[in-house]
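A short write-up of the structure that comes next.
The values are calculated or read from the model by the stated rules, or taken from the named source; none is laboratory data. What you see is a predicted model; the values in this text were computed from it and never measured. Using ideal geometry, Cβ is built from the backbone for each residue, glycine included, and neighbour counts are taken over all protein chains shown. These accessible areas exclude ligands, DNA and RNA; they are computed on the full protein's heavy atoms, side chains included. Shrake-Rupley method; radii C 1.70, N 1.55, O 1.52, S 1.80 Å.
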Amino acid sequence: AQRVTQPEKLLSVFKGAPVELKCNYSYSGSPELFWYVQYSRQRLQLLLRHISRESIKGFTADLNKGETSFHLKKPFAQEEDSAMYYCALMNFGNEKLTFGTGTRLTIIP
Amino acid sequence: DAGVTQSPTHLIKTRGQQVTLRCSPISGHKSVSWYQQVLGQGPQFIFQYYEKEERGRGNFPDRFSARQFPNYSSELNVNALLLGDSALYLCASSYGGWGKEPQHFGDGTRLSIL
């Protein structure tokens, strides 16, 4: 069975400090992984997906198949990064997303 | 662009009742997926519909059913409501339904069971 684990429910980081949100997964096939973000009073939205290899709002994430991880990183945190972050895995061939439990990131001014 | 719209925004029901939730996808999107999000958890997949056919089903009892209409809007029905059905129900739409395009989420319907 596929599973996504986000070990930190809460994470507080000072403004300007590096951010790393952890995500580990278990999946028997070749995974497609995503990070979704939900800012206060906004809907859930896609932040980035691993196949696009883009940097969105300064965030990057590298898929490490050996460690089955897809950690989200940003070198310098900004106050507007405070939000709920979800790591998700998609089944190949359909659009079922399996989400982790989420990490609430708070940036301390 | 109105985005994915869901109705109603809030709903209160009692145990044993039935409920219908509605979702209108982004114009041009043919795939609709439903998710249940219990407080403190990530969204959990319930159904995916594409071109009016069920493409995927999550681990939910038969009390949960859905359908998609010719205009690609969708309804989620839940029968014999239980206290544990209290949750935020999210709808997401995409164009192709195969995961190549990103899914766009609505604001959700918050269902409370008394």
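Annotations for the structure displayed:
- In a DSSP loop and with at most 13 other Cβ atoms within 10 Å, the GluC sites (Glu not before Pro) in region A:35-87 are A:E54, A:E67.
- Here, region A:3-108 yields an orientationally averaged convex hull projection of 6.4 nm² when only Cα atoms define the hull.
- Dipole magnitude of chain B about its Cα centre (Cβ charges: Lys, Arg +1; Asp, Glu -1), debye to nearest 20: 200
- Global dimensions of the protein assembly as shown from alpha-carbon coordinates: Rg and Dmax equal 17.5, 52 Å.
- Accessible surface ranking for B:I46, A:I51, 1.4 angstrom probe, highest first: A:I51, B:I46.
- Interface B-A: total buried accessible area of about 1700 Å², 1.4 Å probe, protein heavy atoms only.
- Integer Hz, Karplus 6.51/-1.76/1.60 couplings in order for region A:81-90, x for Gly and Pro: 7, 4, 4, 9, 10, 10, 8, 9, 10, 10
- Burial of 50 Å² or greater, region B:32-52 residues [accessible area, probe 1.4 Å, versus chain by itself]: B:P43, B:F45
- Accessible surface, 1.4 Å probe, highest first, among residues B:S27, A:S12, B:S112: B:S27, A:S12, B:S112
- Accessible surface of the protein assembly as shown, 1.4 Å probe, proportion on carbon and sulfur as whole %: 51
- For A:95-105, mean number of other protein chain Cβ atoms within 10 Å: 6
- Candidate lysines for bridging to A:K65, where Cα separation is under 23 Å - those fewer than 8 sequence places away on the same chain excluded: A:K22, A:K73, A:K74, A:K96, B:K100
- When only alpha carbons are used to place a centre, region B:40-114 and region A:43-59 end up 23 Å from one another.
- Amide H contacts of B:A87 (H built 1.01 Å from N, under 5 Å, at least 5 apart or other chain): B:L111
- In this Cβ point-charge picture (+1 for Lys and Arg, -1 for Asp and Glu), chain A has a dipole of about 160 debye about its Cα centre.
- For A:L48, nonlocal amide neighbours, meaning residues 5 or more places apart or on other chains whose placed amide H falls under 5 Å from its own, are A:W35.
- Accessible area per residue, Å², chain B with all protein chains present, probe 1.4 Å: 48
- Given charges at Cβ of Lys, Arg, Asp, Glu: the protein assembly as shown dipole, positive-most of A:P31, A:T5, A:L47: A:T5
- Across peptide B:99-106, the mean count of Cβ atoms from other chains lying within 10 Å of each residue's own Cβ comes to 6.
- Computed FRET value (nearest 0.05) for B:K30 with A:S12, which takes r as the C-beta separation and R₀ as 35 Å: 0.25
- Mean accessible surface per residue for chain A, computed with a 1.4 Å probe while every protein chain stays in place, in Å²: 52
- Taking θ as phi - 60° and the Karplus parameters 6.51, -1.76 and 1.60, the scalar couplings of region A:28-42 work out to 7, x, 8, x, 10, 10, 9, 10, 10, 10, 10, 7, 4, 6, 10 Hz in sequence order, x denoting glycine and proline.
- Long-range amide H partners of A:A17 with built H, under 5 Å: A:A77
- Residues in region A:44-77 that, when all protein chains are in place, have 50 Å² or more less accessible area than the chain alone would give (probe 1.4 Å): A:L44, A:R49
- Furthest towards positive pole of dipole, B:I46, B:S86, B:G28, structure part chain B, Cβ charges: B:S86
- The figure for A:K65 is an accessible area of roughly 120 square angstrom, using a 1.4 Å probe on the protein chains alone.
- Radius of gyration, Dmax [region B:5-113; alpha carbons; angstrom]: 13.0, 40
- Per-residue HN-Hα couplings for region B:22-36 [Karplus 6.51, -1.76, 1.60; θ = phi - 60°; Hz; x = Gly/Pro]: 10, 9, 10, x, 4, 3, x, 7, 10, 10, 10, 10, 10, 9, 10
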